[in-house]
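The values are calculated or read from the model by the stated rules, or taken from the named source; none is laboratory data. Not measured: the values here are computed from a predicted model. Glycine also receives a Cβ, built like all others from the backbone with ideal geometry; neighbour counts cover every protein chain displayed. Only protein heavy atoms, including side chains, enter the accessible area calculation; ligands, DNA and RNA are left aside. Shrake-Rupley method; radii C 1.70, N 1.55, O 1.52, S 1.80 Å.
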Amino acid sequence: MSGKQAKILAANHIDDLLLFAETTRYPVRDRVIVLLSVKAGLRAAEIANLTWDMVLDPGGVCTSLELRDSAAKMGHGRVIPLHSDLRDALTALNRRANCGQPVVLSERGNKMKARSIVIWFSRAYRAIGLDGCSSHSGRRTFITRAARLVHRARFRLEHFARPATNIPLVQNCNGGIPATAIARARASLKAPSN
């Protein structure tokens with residue numbers, strides 16, 4: 001796997017990974033590990049460094065995860081909206097945890113190391129028969145899906161933007177919606193209907 005990009009996971013691969021997590025000795029914890037990777041795009045080290053105060057408020061599990069600079073790669077923290085599946089899994093895991101400790105604990109109750117999470121993913125992918133996948137595959141899947149959603153939304157905005165306005169709703173690297181596309185849209189609106 002060294003030197004190659006981690007594979008992007010298909011929906012059935014994610015289902016297989018979650019099914020594998022259910023068969024482990026710590027199914028609730030392992031489901032959270034998978035979902036933090038696939039639904040929040042966290043790296044192995046970020047999963048290991050995540051603490052409950054980053055996902056909890058006085059009412060329980062928040063709707064977003066605040067990955068602090070101290071937990072993030074290169075000290076670049078961020079706020080990530082929580083997918084409902086991940087939120088449910090964190091709620092289930094929180095019933096067994098103390099507020100000040102890491103979200104993911106080892107078998108002995110200590111903070112799990114990033115390397116241990118990498119090994120966990122390696123064993124999981126081997127067990128379900130997926131070659132070329134690593135602990136980074138969930139992150140690549142998350143980022144790819146997010147980029148596709150943004151692209152679709154951008155296309156819809158450009159496609160359905162009211163051509164009567166001179167200001168494009170979305171700027172692209174060419175400086176906005178192509179002038180020819182706006183001109184065609186305006187012409188089609190001005191064309192007399194028979």
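Between Thr24 and Asn12, 0.36 nm times their residue separation minus their Cα-Cα distance comes to what?
Answer, rounded to one decimal: 2.4 nm.
What is segment 65-157's relative contact order, in percent, from Cα pairs under 8 angstrom and six or more apart in sequence?
The normalised contact order for segment 65-157 reaches 11 percent.
Rounded to a whole number, what % of the accessible area of segment 83-154 do carbon and sulfur atoms account for, probe 1.4 Å?
49 percent
Could you calculate the contour length gain from Arg95 to Val150, that is, 0.36 nm times the residue separation minus the distance between their Cα atoms, to one decimal place in nm?
Extending this stretch completely gives an extra 16.3 nm.
When the label point is put 7 Å from the Cα of Asp131 along its Cα-to-beta-carbon vector, which residues of segment 1-30 have a backbone N closer than 12 Å?
1
Projected area of segment 4-159, taken from the Cα convex hull and averaged over every viewing direction, in nm²?
Numbers: hull surface 41.2 nm².
The Cα convex hull of segment 4-159, projected and averaged over all directions, gives 10.3 nm².
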